[in-house]
Amino acid sequence: MISSINGTVRSIKTDRLIVEVGGVGMSVLVNTATSGSVSMGAQVQLFTTLVVREDSLTLFGFLNDEARALFELVQTVSGIGPKVALSILGALSPQDLSRAIASEDVTSIERVPGIGRKGAQRMILELKGKLSELSSTSLYAGHVAPWRENLMGALISLGFSPKESDNAITAVQARLSSSGQDPSTLSMSELLKDALASGKSSRG
């Protein structure tokens, strides 16, 4: 999976950047906050997520790792895809979204284009407890255990959606917990093998 790119900005539009990396121009979808903070010809580092579909490969980029992690997390909510997730991060900072979910502030979330009141309520229900309270000066406080985050990244790179990945990982965690095993003590290859088996069964 392409997890980051570092190159020269060659084109700026409100919803995408063209970044030249090693002589290749890479099209990266971004939100308006990101496109408005870069300048033509400048060097930029973007933390990226590659979304794989049957008919497309789409790269989404963010200025920091916490925004990317949150982008992947909100897609585990039912009905939220990458475009809406990008819109959420364009309207709310990771800190603002974390506070809104912790305080169940439906009004702030439903202002995001494509969400609405029911979507905001569903986000609060499904993300409550998965986000740590953030301040403007703090680092992202780890919404999930490192093993879970790494495993989700591996599954997404193999073509699983964030929702499918989350379901597979939750099944793995439940199985290991029932047998008294700690997922963090297992190797990534063991976890991935188990998650792939879970993912295949859930996909039918």
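Computed from the coordinates by the stated procedures, all read-outs in this text should not be read as laboratory data. Quantities reported herein were computed from a predicted structural model and do not represent experimental measurements. For neighbour counting, all protein chains shown are included, and Cβ atoms are generated from backbone atoms with ideal geometry for every residue, glycine included.
Key figures for this structure:
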| read-out | value |
| --- | --- |
| Sum of -39500 (n - 2.57) over DSSP H runs of 4+, divided by residues of the chain (222 nm, nearest 500) | -14000 deg cm²/dmol |
| Full-stretch length increase - T185, N6 - with 0.36 nm per residue and alpha-carbon distance subtracted | 61.1 nm |
| Label point distance in nm, L196-K128, each placed 7 Å from Cα along Cα→Cβ | 3.7 nm |
| Prolate/oblate/rounded label for the chain (Cα gyration tensor, a/c 1.5) | oblate |
| The stretch 1-95: GluC sites (Glu not before Pro) falling in loop per DSSP and having at most 11 other Cβ within 10 Å | E54 |
| Full-stretch length increase - K83, R111 - with 0.36 nm per residue and alpha-carbon distance subtracted | 8.5 nm |
| Simple spin-label estimate for L57 and K163 in nanometres, 7 Å along Cα-Cβ | 2.5 nm |
| Inter-label distance, nm, simple model (7 Å from Cα along the C-beta direction), S178/V24 | 4.3 nm |
| Order of V172, V24 - criterion: other Cβ atoms within 10 Å of each residue's Cβ, fewest first | V24, V172 |
